[in-house]
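The values are calculated or read from the model by the stated rules, or taken from the named source; none is laboratory data. Keep in mind that what you see is a predicted model, and the values were worked out from it rather than measured. Cβ sites come from the backbone with ideal geometry, for glycine too, and all protein chains shown count toward neighbours.
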């Protein structure tokens, strides 16, 4: 029933099963039971009663393994919908499990093997862990062309940066281990990060509960005050307004040094969190080298490093990288990897010196190579998955993700990247957009092919180009925004609240009617509500086919026609309503349609008794029903007074 994954682990199949093969068999059985439970939930043959029956205390009698697994099946196969409803009699609805291919199954099985291996004798475990870790580190260093490095495997995507910052504290402050924070008080450290990075987590080390990602997280978990974090502004005059201003960073570093502060680490982006822009990494590297500052890079564009087929071309762009490989490959149970360069101890110690250079011990002191890591064996699933895929398999998955945002529809509209590839029926602004006289889509993500748009994915992975050019030429995400007509040829700043509502409505319609191209509604502080598509975050889902892209673009065209009509006729609608003695315009800040209107017969406003309000409500409700029989764009709404009802253009069509 289940395909064995033993061949991927190099274990021959025997009648007398080994311990590892037994673990594989049992894990496959559990996965199969979960899949069967989901099928039963879809058929309605089970009701997920475990969600309704909760024990306040641990039951006295013990349960068998089958009973416990049965409870687990019910909890996973069903979603508890009672939190969204006050009705406790509502049965939990069926859940959808992630689709597992053989490599994903292998990853889950090897996670069980890793837990089992933690019980080995310490000497055996150390040798076993060293072998697995060294193999995985070597493969990743060659795959991402980041040679002479070490690797730290972790679950929290931020943990690697925390450990690196701790290592730099020990590097910059030799007495930090003995004196602690007193060593920092006279010359406080500084961490630099772009204002485009997400913000939100404060005092993490005390709370240990928040899951938001931010630069404040790094300082709080290290026990540093917020004054040690210095946000760097983005470009305002030249270049992308989502990229770090290197000149401002240089100025900040000079100021901090003059004020007896110690620049510690710069956190740069190769694919900002929402828009996917890449900082000027070449200039950042030069600046950090000149000031002896650690440069760390994060972002989805780093996945492009694995696509390059030119052998032994090193990545000399940073001191460390964060690689969420499990997200990029869509394989569960894989750890996040932080690759970091090793200190060159040959230049740090004088000739004929005895002992080990202090710098060589810093990763150990910072927890980048800890005993806990050896026991946990978190890199074993990655070790197995990399072998199952091979170099070609990894490169193929990453390349498919980057190329999926260039799927063209040879018709009226295009989901594509460089402007030269577009074949739309309207003039275009940006990578995914159509426009006519009254509606515009403006791209907010990075221009693929570099600033000039002259490179293709095939060119940058088959020719010896620099790492900076490679990261500038690929684009990890598509972000676009519906903007006013006056934005033609302009770099629009933040749009009005009304256009935020229009973009939010557009995203909801695309999510409902074209779900195979997963669009996420986000908000950029400098631009407002935008729509985002990132194939590197699809968690193993199939990338959209040309037919699915056709459906998406057709849906987009249809909704843009509606948006166009809404924007064009909103002013006319308001003028006609204001000119009528029997209609009252209702202000609706959160409404994305033409607007709200209320019918009030002449003379009724002077006779607003409770009975008159009720009659007026019935009159408006009857009017809505009659209008909806001819045009579904009308709907019934509620005014600030609970008893007052209004009309709205639900689908934003011209009424």
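For residue 340, only one of the following conditions fails: (1) over 26 Å from residue 364 (Cα atoms); (2) outside any helix (DSSP H, G or I). What is its number?
Result: residue 340 passes all but (1).
Consider residue 111 carefully, then state whether it is at pLDDT 85 or above, over 29 Å from the mean Cα position of the chain (by Cα) and in a helix (DSSP H, G or I).
Against the criterion (at pLDDT 85 or above, over 29 Å from the mean Cα position of the chain (by Cα) and in a helix (DSSP H, G or I)), residue 111 does not qualify.
Show the residue pairs that are 6+ apart or on different chains and have beta-carbon atoms under 6 Å apart, the first residue being within the stretch 131-149 and at positive phi and touching a residue at least 12 places away in the same chain (Cβ under 8 Å), the second being part of a loop (DSSP other than H, G, I, E, B) and buried (at least 19 other Cβ atoms within 10 Å of the Cβ).
145/315
Against the conditions (1) modelled with pLDDT under 90; (2) surrounded by 14 or more Cβ atoms within 10 Å (Cβ to Cβ); (3) not in a loop (DSSP other than H, G, I, E, B), where does residue 47 fall short? Just the number, please.
For residue 47, the failing item is (3).
What's the number of the only condition in (1) modelled with pLDDT of 60 or more; (2) loosely packed, with under 13 Cβ neighbours inside 10 Å; (3) under 21 Å from residue 385 (Cβ atoms) that residue 68 fails to meet?
Against the list (1) modelled with pLDDT of 60 or more; (2) loosely packed, with under 13 Cβ neighbours inside 10 Å; (3) under 21 Å from residue 385 (Cβ atoms), residue 68 comes up short only on (3).
Take the residues of the stretch 116-127 that are part of a helix (DSSP H, G or I) and touching a residue at least 12 places away in the same chain (Cβ under 8 Å): which is surrounded by the most Cβ atoms within 10 Å (Cβ to Cβ)? Can you show your working first?
We begin by selecting, within the stretch 116-127, every residue part of a helix (DSSP H, G or I); these are 116-117, 122-127.
Imposing the further condition that a residue be touching a residue at least 12 places away in the same chain (Cβ under 8 Å) reduces the set to 116-117, 125-126.
Details: 116: 14, 117: 19, 125: 16, 126: 14.
So, considering only residues that are part of a helix (DSSP H, G or I) and touching a residue at least 12 places away in the same chain (Cβ under 8 Å), the one surrounded by the most Cβ atoms within 10 Å (Cβ to Cβ) is 117.
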